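One structure is given below, encoded as structure tokens.
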Amino acid sequence: MTYEQFLATLAQPDPPPDLSAAATALWLDGKGNWSGAHDMASDIPSSDGARIHAYLHRKEGDLGNARYWYRQARLAPATGPLEEEWQSLVRHFLEHG
């Protein structure tokens with residue numbers, strides 16, 4: 001699925017069934033369902049889940065918690081616009097599952 005196709009699915013009531021858990025979490029966030037995205041990210045045991053968790057807590061404004069999750073993902077904390085981070089994450093997980 002391309003990024004543009006992913007964006008088009010946001011008009012649908014449910015995520016596409018073939019999305020990875022990481023992409024589904026970002027889909028939920030894209031639909032404004034932060035809590036659902038957070039719950040899904042919490043169930044992803046890898047650094048992928050930590051990366052999404054970090055973004056979500058940064059978006060929430062809980063920067064201390066976000067920094068913790070960036071460390072768990074072994075990434076420097078993001079500092080750019082949230083929308084750019086979301087786009088980057090979506091593109092990454094569409095390409096890498």
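Data table
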| item | result |
| --- | --- |
| Cβ pairs under 8 Å, 6+ apart, first in region 77-91 and within 11 Å of K59 (Cβ to Cβ), second in a loop (DSSP other than H, G, I, E, B) and among the hydrophobic types (A, V, I, L, M, F, W, C) | E85/A78 |
| Positions within region 41-76 being exposed (fewer than 13 other Cβ atoms within 10 Å of the Cβ), part of a loop (DSSP other than H, G, I, E, B) and either under 13 Å from the mean Cα position of the chain (by Cα) or not aliphatic (A, V, I, L, M) (or both), in sequence order | D43, P45, S46, G61, R74 |
| Residue count for region 1-16, restricted to those that are closer than 19 Å to H96 by Cβ and loosely packed, with under 11 Cβ neighbours inside 10 Å | 3 |
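All of the numbers you see were taken from the coordinates with simple rules; none came from a lab. Since we're looking at a predicted model, the values are computed, not measured. Don't worry about glycine lacking a Cβ; one is built from the backbone with ideal geometry, like all the others, and counts go over all protein chains shown.
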